[in-house]
1. Arrange the peptides 81-89, 205-213, 113-121, 3-11 so that the one whose residues have, on average, the most other Cβ atoms within 10 Å appears first.
2. Place +1 on the Cβ of every Lys and Arg and -1 on the Cβ of every Asp and Glu in the stretch 251-304, take the dipole about the Cα centre, and give the residue among GLY261, ALA283, PRO298 whose Cα lies farthest towards its positive end.
3. Stretched out fully, how many nm does the piece from ALA247 to SER3 gain, at 0.36 nm a residue minus the Cα gap?
4. Mind checking which aspartates and glutamates have their C-alpha under 17 Å from LYS46, skipping anything on the same chain fewer than 8 residues away?
5. Going by a 4.7 Å Cβ-Cβ cut-off, which cysteines of the chain have no partner at all?
6. Mind checking which of PRO361, TRP188, PRO229 is farthest towards the positive end of the chain's charge dipole, using Cβ charges of +1 (Lys, Arg) and -1 (Asp, Glu) about the Cα centre?
7. What residue among ILE343, ILE74, ILE192 shows peak mean-square fluctuation when the chain is described by a Gaussian network model with Cα springs under 10 Å?
8. Could you calculate the contour length gain from ARG166 to SER103, that is, 0.36 nm times the residue separation minus the distance between their Cα atoms, to one decimal place in nm?
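The values are calculated or read from the model by the stated rules, or taken from the named source; none is laboratory data. Predicted model only: the values in this text are computed from it and were never measured. With ideal geometry, Cβ positions are generated from the backbone for all residues, glycine too; neighbour counts draw on all protein chains shown. To get the accessible areas, we keep the full protein, side chains included, count just its heavy atoms, and leave off ligands, DNA and RNA. Shrake-Rupley method; radii C 1.70, N 1.55, O 1.52, S 1.80 Å.
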Amino acid sequence: MSSELIHQLTNSPTHQPLGLYVHIPFCSAICNYCNFNRGLFEAGLKARYVDALVLEIERAGGAGKAGKAGADTIYFGGGTPSLLEPEEVARVIAACGEAFDVSPDREVTLEANPESVTEERLGAYRAAGVNRLSFGVQSFRDEELTRLSRLHDADRARAAYGEARRAGFDNVSLDLMMWLPAQRVEQWLASIDAAIDLAPEHLSLYLLEVYPNAPLKDDMARAQWSQAPDEDAATMYLTAMERLDGAGYEQYEISNVSRPGRRSRHNMKYWIDGEWLGFGCGAHATREGARWKNVSAPEDYITRVRAGESPACDVRRLPPDERLGDALFTGLRLTDGVSLDAIRSRYDVDVWQRYGAHLEPFIAEGCLIRDGERLRLTRRGMLLAHEVMTVFV
Ligand code: SF4
């Protein structure tokens, strides 16, 4: 597919506002479990990368005001976006505002690592237009953070959170990881309690996946750290969710809870069959039933953008069945589940007629609920989400 077509797709009229994802692929050190698209920070490369990002965003935009697509979220993900200078973040946000019709009530999230911020720096991000922070805390226990080779300790995570509040942020999310090497149920729950004590607006709870080639795998073998048995992982998940319910959080997605009204508006687009554009190396985009991805290596990305070429590769139009499967697969991650009526009007498919026979056993087991025209997983069903979702793919 040509870059003209991508430009056309990028700027076609929006039914729902787009999300704009901006990838920052630099980290101060590489964590032993990490499988993301990232590399070591290098100041010169970062400066050239930000220039390319601004160029890519400017070129993506429509020519005149009437031609601009609407957007209502900007999300800086990584890597470690808090390694960008606040002026660089401001330049990227300004480029988004030039190229797209970004709504005044936009949500602008910056992922941040606790060791890379100060109150002053966070205040400068806020002045640059960031209004939501997502801290990669992972654990409030120092020994677990050391095992994950993270650069911060629990005190630094708490301090960063306090700095964010003093800098004026009223929308803060914390990431925590469960099923860590040598972590037992009570130790995981200690991190949950520590997070609840801080009272962030949003929390994301991820299960650690140890990839076959992750250095952590060797560290675990050497130190004889094992992950708790599967049934303990289930207890970790269910008990954490119960504690968060009790503390007034609302689970809205398999891995995410928030205070009422504080869901991640950007991430919701991934789960409600929404549309988004991605900028920077390795970033993905979805529009008008087409999907594409930028080249992964920062140097390759910079070279292409500087040469006036599109950095997109892997462009394809999704066949209708794949779009439908994806909409069901991602929609079931939400506690609200999916609307069968909405699926029917969008894809002209009666989900029950097509998949009902395969879904019935999950309903009988109490993993899935058909509630009027909605289909949703129970919390216990969320533990088996993968099995349920394979029905659709
Ligand atoms: S900070 Fe995040 S992106 Fe960077 S290496 Fe660690 S886990 Fe990966």
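1. Numbers: 81-89: 21.1, 205-213: 13.0, 113-121: 18.4, 3-11: 16.4.
Packing proxy ranking, top to bottom: 81-89, 113-121, 3-11, 205-213.
2. Sorting the options by dipole projection puts first GLY261.
3. Full-extension gain reported as 82.9 nm.
4. Output for LYS46: GLU56, GLU85, GLU87, GLU88, GLU111, GLU299, ASP300.
5. Taking the Cβ cut-off of 4.7 Å, the unpaired cysteines of the chain are CYS27, CYS96, CYS281, CYS313, CYS367.
6. PRO361
7. Highest fluctuation of the listed residues: ILE343.
8. On the way: separation 63, 0.36 × 63 = 22.68 nm, distance 2.63 nm.
Gain in length upon complete extension: 20.0 nm.
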